[in-house]
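Here is the structure we will look at.
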Amino acid sequence: MDGKALAARIRADVAADVATLGSLGLATILVGDDPASEIYIGLKHKAANEVGIVAQDIRLPATITEDDFLHRVAVLNQDDEIDGVLVQLPLPPQLDEARVIRAIDAMKDVDGLQSVSTQGISFSAARR
């Protein structure tokens, strides 16, 4: 198997799906300045851009309060231009990781960390 050719085909298929759906938006949230997380988020943005997904890079200080963080997530949940939210883990100790994960709208949870049943409906099918 040629992994590069397969990856290129998958990217082309995803780009065609994105073009069919119209504009799709991804918001990534990075709290603090962990170098490994910065690389990971950068790769997510590169992949999103390659297939036509508009990626919004949100960087927050490591000192952000949980209330402020949850407010930002709530705003993204309500934003019709944002179809997916990715919160980069781990989070600083003042942020309750489980609470943050629960705050992300299950239909926008890119990492699939929500423990909700989709009852056999895929997220992409629900979007259409």
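Screening the stretch 73-91 for residues that are open to solvent by 20 Å² or more (accessible area, probe 1.4 Å) and not charged (D, E, K, R) and picking the one that is nearest to residue 48 (Cα to Cα) gives 88. Going through (1) open to solvent by less than 30 Å² (accessible area, probe 1.4 Å); (2) not in a loop (DSSP other than H, G, I, E, B) one by one, residue 102 falls short only on (1).
As a summary of the residue check, residue 42 satisfies the conditions (1) closer than 30 Å to residue 69 by Cα; (2) without any contact (Cβ under 8 Å) to a residue 12 or more places away in the chain; (3) open to solvent by 70 Å² or more (accessible area, probe 1.4 Å) except for the one numbered (3).
The sole residue among 21, 26 that is surrounded by 12 or more Cβ atoms within 10 Å (Cβ to Cβ), of a type in the set (A, V, I, L, M) and modelled with pLDDT under 95 is 21. Right, residue 62: of a type outside the set (Lys, Arg) and either within 13 Å of the chain's Cα centre (by Cα) or modelled with pLDDT under 95 (or both) or not? It is false that residue 62 is of a type outside the set (Lys, Arg) and either within 13 Å of the chain's Cα centre (by Cα) or modelled with pLDDT under 95 (or both). Which one of the conditions (1) open to solvent by 70 Å² or more (accessible area, probe 1.4 Å); (2) part of a strand (DSSP E or B); (3) farther than 19 Å from residue 36 by Cβ does residue 94 fail to meet, given that it meets all the rest? Condition not satisfied by residue 94: (2).
What's the number of the condition residue 34 fails, among (1) within 20 Å of residue 106 (Cβ to Cβ); (2) modelled with pLDDT under 95? Result: residue 34 passes all but (1).
The values are calculated or read from the model by the stated rules, or taken from the named source; none is laboratory data. The model shown is predicted, which means the values in this text are computed figures rather than measured ones. Using ideal geometry, Cβ is built from the backbone for each residue, glycine included, and neighbour counts are taken over all protein chains shown. Accessible surface areas use protein heavy atoms only, side chains included; no ligands, DNA or RNA. Shrake-Rupley method; radii C 1.70, N 1.55, O 1.52, S 1.80 Å.
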